[in-house]
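What follows is one structure encoded as C-alpha cells, with my remarks underneath.
The values are calculated or read from the model by the stated rules, or taken from the named source; none is laboratory data. Because the structure is a prediction, the values reported are computed rather than measured. Don't worry about glycine lacking a Cβ; one is built from the backbone with ideal geometry, like all the others, and counts go over all protein chains shown.
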C-alpha cells in the first residue's frame, strides 16, 4: 500500500497536477486524490498546494520528495531482485557507454555477452559521462562504461582497460607507413577532431597544451562515424584510440611519443545499488573482452 502511495505522490509532483497524473497512471482522478489525501493524513502534513492552476509541492512536500525518490529506487531494486534469475535464463540489463567505445568495444562486447546469455535483453545507450552518472544515480542504468575521472561520491568505478590514443590516418596519408612519430610532427598536421562536448576532445586539448603542441584543427565532428569516414577518404588526420584504427582496415594508427596519450576506462555502478545476476555476468564478460583487446 505504501508503495502505491509513494508512486502516486511522485506522479502528481512530476506532472504538477492530478488530472495529468491520473491519465499517466491510468486511474481515475478521484481515486488518485483520495490516495494522496490518505498519504497526507498519515504523515500529518500537507504535501501539495492545490490553490493555483498548477499543483505544487509545499515545503513539507519538497522534503518528503527526496525520501520518496530514494524509496522508489529501493522498491524498484527490490522488484528486480525478486525477478532476477540466477541461471540467467531470462532478464534485462541497461548499459551505457561514452561515444568512443561504440566504435570498437560495443560490438565485441555485445557479441560475447549475447553468445553466452542469449535470453538476456540488453538496452545499450550512448551517453556522455556526466549524464551517465546522473542516470546511474537515478537508477535508470545498471552499468556504465566511461573514463576514470572525477566521479560523484555515490558512484563506484572499477578499472576496465587502458586506452592509448594515437594519430589516426587513412592509407593514402603521407605518414601511413610510419609506426611512430614525435609530438612535434603534430604541429604540421591538419586535423579533424571530435567537438568540445566529448571527453576525448578535452583530453586531447589538455595533452597538447601540456606538451606545447599547436596542431591545426581544420574540422570538427560530433559523430565518430563521420570523423572516421573523412579521415578514410582524405589526407586529414585525427587523434583517436588506436584500437579504433585496428578495427578499420582503411585506417592506420601511428604511435605518439615519447609520452603516449593514455586514459583508463572504467565500469561504473551506483554505490550500494542492487547488482543483478545479469549485471555481474556482464561485468565478467566486459573484463574478458577488455583483456583480449589489450593483448
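Considering only the range 149-166, I want to know if a residue exists there that is outside the structural domain of residue 225 (by TED's automatic domain parsing), assigned to a loop (DSSP other than H, G, I, E, B) and at pLDDT 90 or above. Among the residues of the range 149-166, at least one is outside the structural domain of residue 225 (by TED's automatic domain parsing), assigned to a loop (DSSP other than H, G, I, E, B) and at pLDDT 90 or above, which makes the answer yes.
Condition check ((1) closer than 30 Å to residue 136 by Cβ; (2) at pLDDT below 90) across all residues:
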{"site": "6", "(1), (2)": "yes, yes"}
{"site": "9", "(1), (2)": "yes, no"}
{"site": "28", "(1), (2)": "no, no"}
{"site": "47", "(1), (2)": "yes, no"}
{"site": "52", "(1), (2)": "no, yes"}
{"site": "62", "(1), (2)": "yes, no"}
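The residues on offer are 22, 31, 45, and the sole one that is closer than 13 Å to residue 5 by Cβ and free of Cβ contacts under 8 Å to residues at least 24 places away in the same chain is 31.
Taken over the range 48-71, residues that are touching a residue at least 40 places away in the same chain (Cβ under 8 Å) and assigned to a strand (DSSP E or B) amount to 2.
Taking the criterion of being in contact (Cβ under 8 Å) with a residue 60 or more places away in the chain, part of a loop (DSSP other than H, G, I, E, B) and surrounded by 17 or more Cβ atoms within 10 Å (Cβ to Cβ), the only residue of the range 195-226 that qualifies is 198. For the structure I just gave you, tell me whether residue 141 is assigned to a loop (DSSP other than H, G, I, E, B) and either surrounded by 14 or more Cβ atoms within 10 Å (Cβ to Cβ) or without any contact (Cβ under 8 Å) to a residue 60 or more places away in the chain (or both). So residue 141 fits the description; yes.
Within the range 275-295, the presence of at least one residue that is farther than 27 Å from residue 136 by Cβ and either modelled with pLDDT under 95 or outside any helix (DSSP H, G or I) (or both) is confirmed. Mind checking which residues of the range 236-290 are outside the structural domain of residue 142 (by TED's automatic domain parsing) and without any contact (Cβ under 8 Å) to a residue 12 or more places away in the chain? Correct list: 249 only. When the test is whether a residue is in contact with a helix residue (DSSP H, G or I) (Cβ under 6 Å, 6 or more places away or on another chain), surrounded by fewer than 16 Cβ atoms within 10 Å (Cβ to Cβ) and touching a residue at least 24 places away in the same chain (Cβ under 8 Å), residue 75 passes it.
Checking 178, 229 one by one, the residue that is surrounded by 13 or more Cβ atoms within 10 Å (Cβ to Cβ), under 24 Å from residue 111 (Cβ atoms), at pLDDT 90 or above and not assigned by TED's automatic domain parsing to the domain that holds residue 271 is 229 and no other. Selection of the range 6-23 for residues being assigned to a helix (DSSP H, G or I) and in contact with a strand residue (DSSP E or B) (Cβ under 8 Å, 6 or more places away or on another chain) yields 12, 13.
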